[in-house]
Structure formats: C-alpha cells, structure tokens
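The structure under discussion is supplied below as structure tokens; questions concerning it will follow.
The values are calculated or read from the model by the stated rules, or taken from the named source; none is laboratory data. Quick caveat, the model's predicted, so the values are computed rather than measured. In this analysis, Cβ positions are derived from the backbone assuming ideal geometry, glycine residues included, and neighbour counts consider all displayed protein chains.
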Amino acid sequence: MMPSPRPRSTRQALAGLQYALGTVAPANPLVFAWRWRYELIVGLGLPAALVLLGGVPVMLGTLVVTILLTGTALFVAPARRYLAARAWCIITPHRVRAGCAQAWIHSRHGKIPIVLLTTRQPFGERVHLWCRAGTSPLDFTSALPLLTAACWARGIHVSGNERFGQLMTLDVIRHLPPGQSQPDNIQPSQPTVYVPAPRRPPDGTDGPRTQPGPPSRQDLGPAA
C-alpha cells in the first residue's frame, strides 16, 4: 500500500508551534561587539586608551572634565536636547531588537532583523533594518503594539523599500514638532480591529427573512 502524501497544510500547521517554541539565537562575539559598540568604546576603550597614553591621573582628569562639561550642557536647552536625541539613537536600536525578540520577529534559525542605521528626526528616530530570510515588513506591521511598548514610544510607522524588499524603515515617534498635530505621513500605531460585515439573506434582500405561513383559503381558489 502506498503511503498517504504529506498534507499541504503541514507547514502552516507547524509554523505557529515552531515560532512559539523557538528562541532568539545568541549573538556571536562580533555581532555582540557591534551592537554594544558605543557602550564598549565609552566604558572600556576610552579609559584603556587614556591609561596607556598618560596613566591613571590622565584618565581621572579626563573623566572629571567630561562630567563637568556634561553637567554644564544639561543646563543649556539646545545642548540638552542634542544630548537626549543622541542618547535615544543609541537606546532605540536595543529596544527594537528586544521588541523583535518578544514579538517573535525572527527567522526559523532565531535570527532577528539587522539594525543598519539609526538617525535623528524631528519626531524621534528613524531606524533602517535589513530583514533576514524568513522575516518581512509585514511581521512588524502585525506587531505594532508590542514594538511601540518595547521602544517606549508614542507610535511606530512601518515603511518598506520600493526597490529592495529586504530593506525597511521604522519611524519611532516620541514627540510631535511644535505647531503640528500629526507628523507628515506618520500616524501613531493603533491595533487593527476586525469588524465583520452584517449578514444578508441568500436572496440579497435587506433585513431578516420571514418564514412563509400556511396558504389561505383565497389562495387555494373555490372549492370543487
């Protein structure tokens, strides 16, 4: 007896189970270093370079001067806004990766999309991503509430690339420009609610159908 062929729905039936049981693959040392490059440079690279060049006194002096300059800049509004915007450009990629991990936006091998670049914008940050095989911009669209909460944002707008399907952009909305109710072409993310259409009778008439009653004597005609 020939074995029964594999059902066509096997892949669809196992996809949800695979994503539910699958986990995000840990980053290799090079990827880890690239993701945390700013923190490693400021926390380890710069102090080590100062110690090698001038010793511990030079490192401590530089640290004191940096703290004084940063504290002074916090009292100047333009400098404070600039430092806050640069800090969000460092924080947002980490939050996007955390949101991808929690929203199951990864390939079957556990690889999440790659953050290519993060830039400042009047409304917040713009994150450029490379979708790996197995992910697409549609995954981000269906997970907007999760990503918005993970990024500590007001809303997120997803847009794809017209030429390259693997490239996409996330606009992380944190605030609105002065005098503007909504950013241009950007709306805060809201969950989509499906509302079913009202049911109609098979004959196409509006309103509920009434069951036919028994025929009257006039419909039957005179008795024979």
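When you go through 41, 105 one by one, which is the residue that is of a type outside the set (D, E, K, R), out of contact with any strand residue (DSSP E or B) (no Cβ under 9 Å at 6 or more places or on another chain) and part of a helix (DSSP H, G or I)? I'd like the intermediate steps shown before the answer.
On the way: 105 fails: part of a helix (DSSP H, G or I).
Result of the check over 41, 105: 41.
Looking only at the range 106-142, count how many residues are in contact with a Lys or Arg (Cβ under 7 Å, 6 or more places away or on another chain) and small (Gly, Ala, Ser).
Count: 3.
Results for (1) buried (at least 20 other Cβ atoms within 10 Å of the Cβ); (2) outside any strand (DSSP E or B), shown as yes or no for each residue.
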site	(1), (2)
149	no, yes
159	no, no
165	no, yes
168	yes, no
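Each row is one residue, and each column tells you yes or no for (1) closer than 29 Å to residue 168 by Cβ; (2) in contact (Cβ under 8 Å) with a residue 60 or more places away in the chain.
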residue: 63; (1), (2): no, no
residue: 112; (1), (2): yes, yes
residue: 116; (1), (2): yes, no
residue: 119; (1), (2): yes, no
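Same structure, new question: Go through the range 159-178 residue by residue and tally those that are free of Cβ contacts under 8 Å to residues at least 24 places away in the same chain and within 9 Å of the chain's Cα centre (by Cα).
Initially, the range 159-178 is screened for residues free of Cβ contacts under 8 Å to residues at least 24 places away in the same chain, giving 159-164, 178.
Next, only the ones that are within 9 Å of the chain's Cα centre (by Cα) stay: none.
Result for the range 159-178: 0.
On the given criteria, is residue 83 modelled with pLDDT of 90 or more and closer than 21 Å to residue 40 by Cβ?
Values: modelled with pLDDT of 90 or more: no; closer than 21 Å to residue 40 by Cβ: yes.
It is false that residue 83 is modelled with pLDDT of 90 or more and closer than 21 Å to residue 40 by Cβ.
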